[in-house]
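Below is one structure, written out as structure tokens; comments come after it.
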Amino acid sequence: MNTKIENTIVLALLVGLTPTFALADSVRAGNPAAGGAVPAEVDGGDKSSLIVTPDYTIGPEDVLEITVWRNADLSKVVAVRPDGRVSLPLIGDVTAVGKTAAQLADAIASKLKEFKENPQVSIVVQQVNSYSIYVLGEVTRPGKYPLKSKTTLLQAITLASGFTPAAARNKIVVFRFGQNGEKDLKIKASYDDIILRDASPQNVHLKPGDTIVVPSETMVLVP
């Protein structure tokens with residue numbers, strides 16, 4: 001075959017294959033503009049989109065990586081139990097719920113001082129499984145709502161698509177678990193006070209496990 005013709009055929013093949021290689025690279029990189037599927041790690045889902053900030057409060061079922069420097073036997077990955085505690089070698093149960101990672105690390109280090117000189121403890125929240133609240137009663141969509149960041153009472157009502165016509169919106173109650181053996185809290189709030197009378201303290205920041213109840217105007221409320 002003539003050399004000139006062979007070169008022309010090879011050049012045509014290379015030109016035809018180039019877009020295919022470019023598309024393959026885009027798919028591997030997860031480039032949506034190139035028509036590639038986005039990898040599961042990028043197409044977040046709820047958990048990957050959760051942002052654990054230093055002031056995040058640990059809740060039940062969260063998974064924690066607890067590292068004690070230079071002591072592999074004391075370093076563990078643990079899940080927070082429903083009672084709000086974690087179990088560790090030597091020191092036993094430690095209350096985790098209601099603490100930040102830094103506060104829990106300090107509490108563990110304090111207990112370890114009985115067995116180890118100057119213990120250095122670090123904690124990483126590996127999985128957030130507890131950051132949910134419950135909205136019940138006279139709202140359009142009652143149910144359990146996972147939270148991705150700090151959320152106020154009004155924002156929670158918005159998540160539940162607002163009040164129904166029968167809602168007693170000035171008699172909202174937030175039920176909150178007590179910490180460290182304390183009694184459960186019952187926080188009362190009025191929508192009108194928050195909106196019209198600048199009673200911002202009633203627009204509380206919610207915590208994991210909070211239950212918001214919006215009663216009906218027809219309910220008989222017992223003090």
Residue match in the stretch 153-169 (condition: assigned by TED's automatic domain parsing to the domain that holds G59, in contact with an Asp or Glu (Cβ under 7 Å, 6 or more places away or on another chain) and surrounded by 15 or more Cβ atoms within 10 Å (Cβ to Cβ)): no
Conditions first: (1) among the hydroxyl-bearing types (S, T, Y); (2) touching a Ser or Thr at 6+ places or on another chain (Cβ under 8 Å); (3) not in a loop (DSSP other than H, G, I, E, B). S110 passes all but one, so which condition is the exception? (2)
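Does any residue of the stretch 87-95 turn out to be among the charged types (D, E, K, R), touching a strand residue (DSSP E or B) at 6+ places or on another chain (Cβ under 7 Å), assigned to a strand (DSSP E or B) and in contact (Cβ under 8 Å) with a residue 40 or more places away in the chain?
To start, the set of residues in the stretch 87-95 that are among the charged types (D, E, K, R) comprises 93.
With touching a strand residue (DSSP E or B) at 6+ places or on another chain (Cβ under 7 Å) added as a condition, the list becomes 93.
Checking the rest, the ones that are also assigned to a strand (DSSP E or B) come to 93.
With in contact (Cβ under 8 Å) with a residue 40 or more places away in the chain added as a condition, the list becomes none.
So far as the stretch 87-95 goes, no, none of its residues is among the charged types (D, E, K, R), touching a strand residue (DSSP E or B) at 6+ places or on another chain (Cβ under 7 Å), assigned to a strand (DSSP E or B) and in contact (Cβ under 8 Å) with a residue 40 or more places away in the chain.
Quick check: is even one residue across the stretch 129-142 among the hydrophobic types (A, V, I, L, M, F, W, C), assigned to a loop (DSSP other than H, G, I, E, B) and either surrounded by 14 or more Cβ atoms within 10 Å (Cβ to Cβ) or more than 21 Å from the chain's Cα centre (by Cα) (or both)? First the steps, then the outcome.
Start the filter on the stretch 129-142 by keeping residues that are among the hydrophobic types (A, V, I, L, M, F, W, C), which leaves 133, 135-136, 139.
With assigned to a loop (DSSP other than H, G, I, E, B) added as a condition, the list becomes none.
The answer is no; no qualifying residue exists.
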Please enumerate the residues belonging to the stretch 83-102 that are closer than 12 Å to D62 by Cβ and aliphatic (A, V, I, L, M). V86, A96, V97, A101
Search the stretch 58-104 for residues being among the charged types (D, E, K, R) and crowded, with 19+ Cβ neighbours inside 10 Å, and hand back the single one that is farthest from the chain's Cα centre (by Cα). K99
Conditions: (1) free of Cβ contacts under 8 Å to residues at least 24 places away in the same chain; (2) of a type outside the set (G, A, S); (3) in the same structural domain as L64 (by TED's automatic domain parsing); (4) within 30 Å of V213 (Cα to Cα). P142 meets all but one. Number of the miss? (3)
Whether any residue in the stretch 179-197 is buried (at least 18 other Cβ atoms within 10 Å of the Cβ), more than 25 Å from the chain's Cα centre (by Cα) and closer than 19 Å to R141 by Cα is what I want to check. yes
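Give the number of residues within the stretch 72-82 that are over 18 Å from T57 (Cα atoms) and among the hydrophobic types (A, V, I, L, M, F, W, C). Can you show your working first?
Restricting attention to the stretch 72-82, the residues satisfying the condition of being over 18 Å from T57 (Cα atoms) are 72-76.
Next, from what is left, pick out any that are among the hydrophobic types (A, V, I, L, M, F, W, C): 72, 74.
Counting residues in the stretch 72-82 that are over 18 Å from T57 (Cα atoms) and among the hydrophobic types (A, V, I, L, M, F, W, C) gives 2.
To keep it simple, each residue is scored yes or no on (1) modelled with pLDDT of 95 or more; (2) among the acidic types (D, E); (3) within 30 Å of Q127 (Cα to Cα).
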| site | (1), (2), (3) |
| --- | --- |
| K148 | no, no, yes |
| L153 | yes, no, yes |
| V174 | yes, no, yes |
| E182 | no, yes, yes |
| K207 | no, no, yes |
| V213 | yes, no, yes |
| M219 | no, no, no |
| P223 | no, no, no |
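The values are calculated or read from the model by the stated rules, or taken from the named source; none is laboratory data. Because the structure is a prediction, the values reported are computed rather than measured. Heads up, the Cβs are rebuilt from the backbone with ideal geometry, glycines too, and the neighbour counts pull from every protein chain shown.
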